[in-house]
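**Student:** Pasting a structure here, questions to come.
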Amino acid sequence: VAVLRDVTTMRRLERMRQDFVANVSHELRTPISVVSANSETLLDGALSDVEFAPKLIKAVHRNAERLTLIVNDLLDLSRLEAGSYSLLSGRVQVARIAERVVQSLQEKADAKGSKVEIDIDASLAVMTDEAALFQVLVNYLENAIKYTPKGSTITLIASRRKNKIRTEVRDNGPGIPTEYRNRIFERFFRIDPGRSREMGGTGLGLAIVKHLVEAMGGRVGVQEVQPTGCSFWLDLPRA
Ligand code: ADP
């Protein structure tokens, strides 16, 4: 008598867990080592150096803030994965949310000389959690501002697809190369890790977006835009 058991899925899940722990450790190591090294230098005498001390303290503060960002994103992600993120459902007018999203990031867009436009029909509405939809669109738009060159044009659009509404954030930046398109929503996946960290990214934004939208009964994706750029979209049930 022989018992055969397929352990492929178990192995894959275990590998994913190990990778995740390794990624988290790697992300935390740099800010922790700055906090630790700088405070040690201060204790060793740099505290009385009026020119050097503020620089060290500023770096400690910046890295402590980065740690907070990473930990908050990890907590959000684990709450979403555990299904303990409470979402409400109500009728939300897409154009109204889009306006709030653009307003909240207008300063960042202006600082980069990027133009953000909204082209959404006032009649389009979805059944969803308003705060979660806001969070998702902020993430998409913030990325579009961050990862496109100065002076880019970003457009928020929405269209009806049977019983769904597709909301998109389109940009004319470098886009996502085809080989990365199905990995872009993975935790810690970045095209250029150095650049993402430099700009304060945790690499968890899109993973949170995906979980959040799935918890809202929707789907996410990215597609290319001609001649250059990409469109990050989400489909939600039509109200
Ligand atoms: P973060 O921005 O913190 O690095 P995200 O999960 O939000 O993490 O995004 C993952 C990666 O996807 C980014 O590091 C960037 O390489 C890429 N990306 C996201 N949005 C865009 C965009 N609009 N254009 C080009 N690349 C993008």
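**Student:** Only bridges with both residues in the stretch 116-177 count here: give the DSSP antiparallel percent, nearest 5.
**Tutor:** About 65 percent, rounded to the nearest 5.
**Student:** For the stretch 40-84, what is the convex hull volume of the alpha-carbon atoms per residue, in Å³?
**Tutor:** Cα convex hull per residue, to the nearest whole number: 60 Å³.
**Student:** Taking a ≥ b ≥ c as the square roots of the Cα gyration tensor eigenvalues, with a/c under 1.5 meaning rounded and otherwise prolate when a/b beats b/c, else oblate, which class fits the stretch 90-224?
**Tutor:** Cα axes put the stretch 90-224 in the oblate bin.
**Student:** For Lys164, enumerate residues with amide H under 5 Å from its amide H, sequence gap 5+ or separate chain, H modeled in the peptide plane.
**Tutor:** Sorted by chain and number, the residues that satisfy this are Arg238.
**Student:** Moving on. If each of Leu75 and Ala239 carries a label point 7 Å out from its Cα toward its Cβ, how far apart are those two points in nm?
**Tutor:** In this crude spin-label approximation the distance works out to 3.0 nm.
**Student:** Let me ask you something else. Return the single residue from Glu117, Glu27, Glu107 with maximal mean-square fluctuation; model: Gaussian network over the chain, springs between Cα atoms under 10 Å.
**Tutor:** Checking each option, the largest mean-square fluctuation is seen for Glu107.
**Student:** Hey, what do the phi angles of the stretch 150-159 turn into as Karplus ³J(HN,Hα) couplings, whole Hz, using 6.51/-1.76/1.60 and θ = phi - 60°, x for Gly and Pro?
**Tutor:** Here the 3J(HN,Hα) series is 4, x, 6, 10, 10, 10, 9, 10, 8, 8 Hz.
**Student:** By accessible area of protein heavy atoms, probe 1.4 Å, what ranking do Thr30, Thr153 get, highest first?
**Tutor:** Thr30, Thr153
**Student:** For the chain, treating each Cα as an identical point scatterer without solvent, what Debye log10 I(q)/I(0) comes out at q = 0.09, 0.13 1/Å?
**Tutor:** So the normalised log intensities are -0.48, -0.89.
**Student:** For the chain, what's the relative contact order in percent, using C-alpha pairs closer than 8 Å and at least 6 residues apart?
**Tutor:** In percent, rounded to a whole number, it is 18.
**Student:** Would you mind getting the accessible area per residue of the stretch 190-239, heavy atoms of the protein chains only, 1.4 Å probe, in Å²?
**Tutor:** Each residue of the stretch 190-239 exposes 43 Å² on average to a 1.4 Å probe.
**Student:** Springs between alpha-carbon pairs under 10 angstrom, Gaussian network model over the chain: which of Leu67, Leu56, Leu156 fluctuates most?
**Tutor:** Leu56
**Student:** Eight or more residues apart or on different chains, and alpha-carbon atoms under 25 Å: count the Lys pairs in the stretch 86-239 matching that.
**Tutor:** 10
**Student:** Rounded to whole Hz and in sequence order, give me ³J(HN,Hα) for the stretch 205-212 from the Karplus expression 6.51 cos²θ - 1.76 cosθ + 1.60, θ = phi - 60°, writing x for Gly and Pro.
**Tutor:** 3J(HN,Hα) across the stretch 205-212, in whole Hz: x, 6, 5, 5, 4, 4, 4, 4.
**Student:** In the stretch 9-116, if the dipole is taken from +1 on Lys/Arg beta carbons and -1 on Asp/Glu beta carbons about the Cα centre, which of Leu69, Met10, Pro31 is farthest to the positive end?
**Tutor:** The listed residue farthest towards the positive side: Met10.
**Student:** Under the rule of at least 5 residues apart or a separate chain, name every residue whose amide H is placed under 5 Å from the amide H of Ile154.
**Tutor:** Amide H neighbours of Ile154: Lys115, Val116, Glu117.
**Student:** Let me ask something else. Can you compute 3J(HN,Hα) from phi for each residue in the stretch 136-149, using the Karplus curve 6.51 cos²θ - 1.76 cosθ + 1.60 with θ = phi - 60°, rounded to whole Hz and x for Gly and Pro?
**Tutor:** For the stretch 136-149, the Karplus curve yields 5, 5, 4, 4, 4, 5, 4, 4, 4, 5, 5, 9, 10, x Hz.
The values are calculated or read from the model by the stated rules, or taken from the named source; none is laboratory data. If you're wondering where the values come from, they're calculated on a predicted model, not measured in any experiment. Positions of Cβ are generated from backbone atoms using ideal geometry, with glycine treated the same way; all protein chains shown enter the neighbour counts. Surface areas here come from the heavy atoms of the whole protein model, side chains and all, with no ligands, DNA or RNA. Shrake-Rupley method; radii C 1.70, N 1.55, O 1.52, S 1.80 Å.
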